[in-house]
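So the structure is just underneath, and the comments pick up after that.
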Amino acid sequence: MPRYFFDVIHEGDKIRRDVQGLDLPDLDSAEIEAMEIWKRLRSEWQSGGTDPSEWSVEVADESGALLARMPSSMTFWRAQLQG
């Protein structure tokens, strides 16, 4: 099972780098996890935290290659994978 890493980004700067990652079956599952992380950021904001409108969650593989990004618009950008 591949391992995915989820970095939290604010205005282009990495705020939290994921050094552990999660073993997930596929990129679709990783995107769902990224959405859950972003939802937690939004919940923290509603509880008095930082406005997440400029935040995103990046999904990378074990080599560090960026596979997808969950921007504040709640839509995914996915890397064009060469096969």
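Report the full-extension gain for the segment L66 to M1: residue separation times 0.36 nm, less the Cα-Cα distance, to one decimal in nm. List each step's numbers first, then the result.
Working: separation 65, 0.36 × 65 = 23.40 nm, distance 1.77 nm.
Gain on stretching L66 to M1: 21.6 nm.
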* **Built amide H within the under 5 Å cut-off of R16, gap 5+** => V8
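Where a number appears in this text, it was derived from the coordinates with a stated rule and is not lab data. All of these numbers come straight from a predicted model, not from anything done at the bench.
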